[in-house]
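Novice: I have a structure here, written as structure tokens, and I will follow up with some questions on it.
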Amino acid sequence: MTRNYLTLLVFVLALIACEPAKEKVSIPSYSIEQFYKNVNVSGGSFSSDKSKLLVSSNETGIYNLFEIPVDGSPQKQLTSSDKESYFAISYFPNSDKVLFSADQGGNENSHIYMRDEEGNITDLTPFENARASFWGWDRDEKSFYYQCNKRDAKFMDLYQLSVESVMDGKANAKLLYTNRDGFDVAAKSSNNRYLALTQSITTTNNEMYLYDRRTGKRTHISEHFGDATYDPQFFSLDNNYLYYLCNEDSDFVYLNKYDIKTGEKSLVYKTNWDVWYAYHSFNETYRVIGINEDGKTNIKVFDIASGKEVKLPEISGGDIKSIRLTRDEQRGRLVVGTSVSPNNIYVFDMGDKEAKKLTNTLNPEIDPNNLVEAEVIRYESFDGLQIPAIYYQPKVASADHKVPALVWVHGGPGGQSRVGYFSLIQYMVNQGYAVLAVNNRGSSGYGKKFYAMDDKKHGDVDLKDCIWAKKFLINTGVVDADKIGIIGGSYGGYMTMAALTYAPEEFKVGVNIFGVTNWLRTLKSIPPYWESFRKALYAEMGDPFTADSVALYNKSPLFFADKVTKPLMVLQGANDVRVLQVESDEIVEAVKKNNVPVEYIVFPDEGHGFLKKENEIKGYGQIVTFLDKYLMEKKESK
């Protein structure tokens, strides 16, 4: 037995010795500048003659307006802003005039502007310290609607603005609904008689009302037991039905309709994921439904008369994220994205098997085969709960070449990391960092029970989910267990600071991108137009004006900054109205007292999110420089 065992062992060892050594994977190292030569394109409103699309593109360094002919001929740049980003809304009816929105340096007080055929720009909502948001065209295209808080900074009223008054240079809007009670307008019937209103109670519970402008009567139409959310989508063309999303008696959101005459409710569409949005095409030929399916958008289009699903054009290697149809319902625009390329715009005619690609957003210097496809995974947390996450593993990673890693935390609370393209993540992965974008409990998209699991437990159970993400990374066999950091923006920035203060030895570094560090201040200083949502936010996080303030103090990293022992990087926009710059100023000053390496970048022309390419290149480039020094421990070349 012993001799046979030794003979077998020698044979196996000989076979191993004869195996060729595995070649080390080598891919090009792309620069941050190359990644931000990519172009982000959004929008895609058709002109009246269906010959072109109006889009926003940041190819100039910030977002400007472009029009793209659907025949594939060269695009045309419509605006040349070098200071503020312009976001496309739509063309005017039978005109090359366009509507767009812009704020000032990220202050979130967006206005609605008109650009005429000669390039002249007019502010149609020139109200100081107020914000306006476009709400859609009337069916006769003689007017459009917008919401604005010029009357009362706390509440958004609904206005109707006629094209005639705009052309006369007056832009006198008609007030359709005065919001005095925090009842937000969510949908409007085509005859302007009915409004669907919502009232926030908590982040997992709200109420829905039908308001009759003719009688002034407001009817409560969402009476229910337990928590449920209601999200009105649209009214039918005959003004007899309200279509709405809800999760009443369900863990996931579905599409329902309400009969205005009888009060009867009936199911329209339900699946085992959240229905994200729904709408009918202009003449109610098609019903479009967007489903949030495990971090991806699944678009379904149905022929309403037959109930049959309409087959959309095949898009090789990409996911359709949104669709818009022309008023005659004959032509469509698709937004298509992957995890290795920014979104692109396609156009097709109904019945086409293929769609025409109109944009090429990935920098041609970058080969998508050298980037990493996102992988949807699950891992077990401290209490056995399965946590969804999106995993990016560097192509160079192996058991023989273990790489550092980052736990990425999304914004929110209640946000979601999704399968899609983000240049910063791909840049970090290209530079040799594994990234696990976690959807800790409290994230949206996985049912209302999962969404509510972190209520008033922030900095505790959600943080534990992030810490347990390390186990997944280590178990891949390609991640260096001693080189795992944490990074995130907004709420994700808070989680970064919570990790460095409440679990200071778990992560080797932290990158906080405009994250909350003092919940007491943040919840007291929320923008005034959040008033209708304020009580719901307080119900989830805690009310800073009550005894909840003690818990909020205890979950605010600023007051425990003396516990931070690991290198920290902070990025902040000076015009941020959600997380004030003082939050980042104070946490940086406090952590520096610990003799801990701290790097801090403030962008004077950004708000809650960075829009200018030069700032992204500077900030995100320095993130990797910081990680190279303190996480990868790459020695600086002399």
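Novice: Output the residues belonging to segment 21-41 that are at pLDDT below 95 and either touching a Phe, Trp or Tyr at 6+ places or on another chain (Cβ under 7 Å) or acidic (Asp, Glu) (or both).
Specialist: Of everything in segment 21-41, just one residue is at pLDDT below 95 and either touching a Phe, Trp or Tyr at 6+ places or on another chain (Cβ under 7 Å) or acidic (Asp, Glu) (or both), namely 23.
Novice: Follow-up question, since we're still on this one. Any idea which of (1) closer than 15 Å to residue 388 by Cα; (2) in a loop (DSSP other than H, G, I, E, B) is the one residue 515 doesn't satisfy?
Specialist: (1)
Novice: What about residue 92, is it surrounded by 18 or more Cβ atoms within 10 Å (Cβ to Cβ) and closer than 30 Å to residue 580 by Cα?
Specialist: Against the criterion (surrounded by 18 or more Cβ atoms within 10 Å (Cβ to Cβ) and closer than 30 Å to residue 580 by Cα), residue 92 does not qualify.
Novice: From the residues in segment 480-519 that are of a type in the set (A, V, I, L, M, F, W, C) and surrounded by fewer than 18 Cβ atoms within 10 Å (Cβ to Cβ), which one is nearest to residue 149 (Cα to Cα)?
Specialist: Looking at residues that are of a type in the set (A, V, I, L, M, F, W, C) and surrounded by fewer than 18 Cβ atoms within 10 Å (Cβ to Cβ), I get 503.
Novice: Quick check on my filter: what residues within segment 414-434 are surrounded by fewer than 24 Cβ atoms within 10 Å (Cβ to Cβ) and either free of Cβ contacts under 8 Å to residues at least 12 places away in the same chain or closer than 23 Å to residue 384 by Cα (or both)?
Specialist: Within segment 414-434, 414, 415, 416, 418, 422 meet the criteria.
Novice: Also: Give all pairs with beta carbons closer than 7 Å in which a residue from segment 120-132 that is touching a residue at least 40 places away in the same chain (Cβ under 8 Å) meets a residue that is assigned to a loop (DSSP other than H, G, I, E, B) and surrounded by 14 or more Cβ atoms within 10 Å (Cβ to Cβ); count only pairs at least 6 apart in sequence or on separate chains.
Specialist: The qualifying pairs are 124/171; 131/108; 131/109; 131/110; 131/149.
Novice: Please enumerate the residues belonging to segment 256-270 that are in contact (Cβ under 8 Å) with a residue 24 or more places away in the chain and surrounded by fewer than 13 Cβ atoms within 10 Å (Cβ to Cβ).
Specialist: Result: 263, single match.
Novice: Can you list the helices (runs of 4 or more DSSP H) found entirely within segment 526-638 that contain at least 1 residues being closer than 30 Å to residue 84 by Cα, free of Cβ contacts under 8 Å to residues at least 24 places away in the same chain and not acidic (Asp, Glu)?
Specialist: Details: elements: 531-541, 548-554, 581-592, 613-630.
In segment 526-638, 531-541, 581-592, 613-630 are the helices (runs of 4 or more DSSP H) which contain 1 or more residues that are closer than 30 Å to residue 84 by Cα, free of Cβ contacts under 8 Å to residues at least 24 places away in the same chain and not acidic (Asp, Glu).
Novice: Scan (1) under 18 Å from residue 592 (Cα atoms); (2) in contact with a Gly (Cβ under 8 Å, 6 or more places away or on another chain) for the single condition residue 490 breaks and write down its number.
Specialist: So residue 490 meets the others, but not (1).
Novice: Please determine whether any residue of segment 131-148 is on the phi > 0 side of the Ramachandran plot and either part of a loop (DSSP other than H, G, I, E, B) or basic (Lys, Arg) (or both).
Specialist: yes
Novice: Just to be sure I understand, how many residues within segment 291-314 are among the aliphatic types (A, V, I, L, M) and part of a loop (DSSP other than H, G, I, E, B)?
Specialist: Within segment 291-314, residues that are among the aliphatic types (A, V, I, L, M) and part of a loop (DSSP other than H, G, I, E, B) number 4.
Novice: Another one. Against the condition among the basic types (Lys, Arg), surrounded by 17 or more Cβ atoms within 10 Å (Cβ to Cβ) and at pLDDT 95 or above, how does residue 327 come out, does it pass?
Specialist: no
Novice: Determine the pairs where a residue that is at positive phi, located within segment 507-518, has a partner that is of a type in the set (Lys, Arg) and surrounded by fewer than 24 Cβ atoms within 10 Å (Cβ to Cβ) with Cβ atoms under 9 Å apart, the partner being 6 or more residues away or on another chain.
Specialist: The qualifying pairs are 514/578.
Novice: Now a separate question. What are the residues in segment 485-501 that are within 15 Å of the chain's Cα centre (by Cα) and assigned to a helix (DSSP H, G or I), if any?
Specialist: 491, 492
Novice: Here is a follow-up. In segment 356-410, which residues are in a loop (DSSP other than H, G, I, E, B), within 23 Å of residue 634 (Cβ to Cβ) and touching an Asp or Glu at 6+ places or on another chain (Cβ under 8 Å)?
Specialist: Listed by number, the residues that qualify are 393, 402.
Novice: Can you find a residue that is surrounded by fewer than 18 Cβ atoms within 10 Å (Cβ to Cβ), basic (Lys, Arg) and either in contact with a Phe, Trp or Tyr (Cβ under 9 Å, 6 or more places away or on another chain) or closer than 30 Å to residue 77 by Cα (or both) anywhere in segment 352-375?
Specialist: Within segment 352-375, one or more residues are surrounded by fewer than 18 Cβ atoms within 10 Å (Cβ to Cβ), basic (Lys, Arg) and either in contact with a Phe, Trp or Tyr (Cβ under 9 Å, 6 or more places away or on another chain) or closer than 30 Å to residue 77 by Cα (or both).
Novice: Name the single residue that is surrounded by the fewest Cβ atoms within 10 Å (Cβ to Cβ) among those in segment 160-188 being without any contact (Cβ under 8 Å) to a residue 60 or more places away in the chain and part of a helix (DSSP H, G or I).
Specialist: For segment 160-188, the residue satisfying everything is 164.
Novice: Between a first residue in segment 315-335 that is at positive phi and a second residue that is in a strand (DSSP E or B) and of a type in the set (S, T, N, Q), which pairs have beta carbons less than 9 Å apart while being 6 or more apart in sequence or on different chains?
Specialist: Matching pairs, first to second residue: 317/338; 317/341.
Novice: Another question, then. Out of curiosity, is residue 603 surrounded by fewer than 16 Cβ atoms within 10 Å (Cβ to Cβ) and of a type in the set (Phe, Trp, Tyr)?
Specialist: No, not satisfied.
Novice: Sticking with this one: Could you please let me know if residue 188 is farther than 21 Å from residue 108 by Cβ and within 26 Å of the chain's Cα centre (by Cα)? So that I can check it myself, show each step before the final result.
Specialist: Values: farther than 21 Å from residue 108 by Cβ: yes; within 26 Å of the chain's Cα centre (by Cα): yes.
The answer is yes for residue 188.
Novice: Can I ask one more? Report yes if some residue within segment 127-146 is surrounded by fewer than 14 Cβ atoms within 10 Å (Cβ to Cβ), at pLDDT below 95, closer than 22 Å to residue 107 by Cα and not β-branched (Val, Ile, Thr); otherwise report no.
Specialist: yes
Novice: Need pairs with beta-carbon distance below 9 Å; first residue over 10 Å from residue 333 (Cα atoms) and within segment 349-363, second part of a loop (DSSP other than H, G, I, E, B) and of a type in the set (Asp, Glu); sequence gap 6+ or separate chains.
Specialist: Listed pairs, sorted by first residue: 350/329; 353/314; 354/314; 361/59.
Novice: Would you point out the residue of segment 271-288, among those that are of a type in the set (Val, Ile, Thr) and part of a loop (DSSP other than H, G, I, E, B), that is surrounded by the most Cβ atoms within 10 Å (Cβ to Cβ)?
Specialist: Out of the qualifying residues, it is 285.
Novice: Could you list, ordered by first residue, the pairs with Cβ atoms under 9 Å in which the first is in segment 367-392 and under 12 Å from residue 441 (Cα atoms) and the second is assigned to a loop (DSSP other than H, G, I, E, B) and aromatic (Phe, Trp, Tyr), at least 6 apart or interchain?
Specialist: As it stands, the answer is 388/446, since those pairs meet every condition given.
Novice: Sticking with this one: Restricting segment 570-600 to residues that are hydrophobic (A, V, I, L, M, F, W, C) and under 23 Å from the mean Cα position of the chain (by Cα), which is surrounded by the most Cβ atoms within 10 Å (Cβ to Cβ)? Break it down stepwise before answering.
Specialist: Within segment 570-600, the subset hydrophobic (A, V, I, L, M, F, W, C) is 570-571, 574, 577, 579-580, 582, 587-588, 590-591, 596, 598.
Going one step further and asking which of them are under 23 Å from the mean Cα position of the chain (by Cα), we end up with 570-571, 574, 577, 579-580.
Working: 570: 25, 571: 25, 574: 15, 577: 19, 579: 27, 580: 19.
The residue in question is 579.
Novice: Name the single residue, out of those in segment 44-89 being among the basic types (Lys, Arg) and more than 16 Å from residue 613 (Cβ to Cβ), that is surrounded by the most Cβ atoms within 10 Å (Cβ to Cβ).
Specialist: Here the residue is 52.
Novice: Go through segment 193-230 residue by residue and tally those that are outside any loop (DSSP other than H, G, I, E, B), out of contact with any Leu (no Cβ under 6 Å at 6 or more places or on another chain), surrounded by 19 or more Cβ atoms within 10 Å (Cβ to Cβ) and aliphatic (A, V, I, L, M).
Specialist: Residues flagged as outside any loop (DSSP other than H, G, I, E, B), out of contact with any Leu (no Cβ under 6 Å at 6 or more places or on another chain), surrounded by 19 or more Cβ atoms within 10 Å (Cβ to Cβ) and aliphatic (A, V, I, L, M) within segment 193-230 amount to 4.
Novice: Report the residue count in segment 315-340 for those that are assigned to a strand (DSSP E or B) and over 26 Å from residue 272 (Cβ atoms).
Specialist: The number of residues fulfilling the criteria is 5.
Novice: What do you reckon, is residue 121 at pLDDT 95 or above, of a type in the set (Val, Ile, Thr) and in contact with a Gly (Cβ under 8 Å, 6 or more places away or on another chain)?
Specialist: Here the answer is no, as residue 121 does not meet what is asked.
The values are calculated or read from the model by the stated rules, or taken from the named source; none is laboratory data. Not measured: the values here are computed from a predicted model. FYI the Cβ positions are ideal-geometry reconstructions off the backbone, even for glycines, and counts take in every protein chain you see.
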